[in-house]
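Note sheet for the following structure.
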Amino acid sequence: MKATLYVDEVNEQLNAKLHFSYGEHTFNPHEEQVTNDDYYQIRDIKQENQVMAAIEQVPFTYNERGLTIRGEDEMAHFLLFDLNELAKSMDINVSENVQERIYTPAEMPTVEVNYNQQHDWLDINFQFSGLNEEESIGLLKAMREKRSFVQLNNGQYVNLTRDELKNMSDVLDQLGREHLESTSVQAPLYHAFQLNEEAAVTISDKVSRCIQDIESPKDLNVTVPTNLETIMRDYQKPVFNG
């Protein structure tokens, strides 16, 4: 037995229909079945019940159109989270307009960390593919609020629990910023050590060298000043000579 859930969006609501297929014979378990004396099918009632139990976990409304979900929050939760659970029990077939409701970036979101020599601090830039500054700030604020999803201006839903976005949320936690008015943030240099451990962060070469120099001072190649050469002990010179 093969179970398939078909999902479409019509008039600002999601409509879903469940089909059970046994070979060439397909039927909707929510509709009354027409008896055919010339056809006999042995059904897998256990599997059908498992599928129906999974469907009942979703807050569907039942009407003449089948299964429906209304409301932006309810639709977002269904598309971002419920479908993943249902996919464990059945095939999922969503229409193109439903697919377009889910934000799928062309490139992975990134956090770039650069050294600002003029001000002696870190410039940290959060970048989201295909989003403008206003929408990007909205995502960052939603992350700080620990929300599970957010809706963009174009109606698309963003799953903030995805690994790459959760990693960005961890970066915000490291910075401890409560108020965000820009996708560019300045931070003291010591944050470089914490940010260097985060998966979502791209560290500039200069910041990487600074971290390496501090963590591995023996690698530095600095000449001992002449006025110290005669008074320094041998064990102290490696600090300069590397």
Among 98, 58, 51, which is within 25 Å of residue 1 (Cα to Cα) and in contact with a strand residue (DSSP E or B) (Cβ under 7 Å, 6 or more places away or on another chain)? 51
I'd like the full set of residues that are surrounded by 14 or more Cβ atoms within 10 Å (Cβ to Cβ), farther than 26 Å from residue 100 by Cβ and aliphatic (A, V, I, L, M), limited to the range 144-202. 171, 172, 175, 180, 185, 187, 189, 192, 195, 201
Conditions (1) at pLDDT 90 or above; (2) of a type outside the set (A, V, I, L, M, F, W, C); (3) in contact with a helix residue (DSSP H, G or I) (Cβ under 8 Å, 6 or more places away or on another chain); (4) over 30 Å from residue 48 (Cβ atoms); number of the one not met by residue 89: (4)
Going through the range 112-138 in order, the residues found to be free of Cβ contacts under 8 Å to residues at least 40 places away in the same chain and either part of a strand (DSSP E or B) or touching an Asp or Glu at 6+ places or on another chain (Cβ under 7 Å) (or both) are 129
Restricting attention to the range 69-88, which residues are buried (at least 17 other Cβ atoms within 10 Å of the Cβ) and in contact with a strand residue (DSSP E or B) (Cβ under 8 Å, 6 or more places away or on another chain)? 69, 75, 76, 77, 78, 79, 80, 83, 86
Residue 141: of a type in the set (Lys, Arg) and part of a loop (DSSP other than H, G, I, E, B), yes or no? no
Condition first: outside any loop (DSSP other than H, G, I, E, B), in contact (Cβ under 8 Å) with a residue 12 or more places away in the chain and aromatic (Phe, Trp, Tyr). Can you find one or more residues in the range 49-72 that meet it? yes
For the range 164-205, how many residues are part of a strand (DSSP E or B) and within 13 Å of residue 126 (Cα to Cα)? 6
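The values are calculated or read from the model by the stated rules, or taken from the named source; none is laboratory data. Just so it is clear, the structure is predicted and the values come from calculations on it, not from any experiment. Quick reminder, even Gly has a Cβ in these numbers, built from the backbone with ideal geometry, and neighbours come from all protein chains shown.
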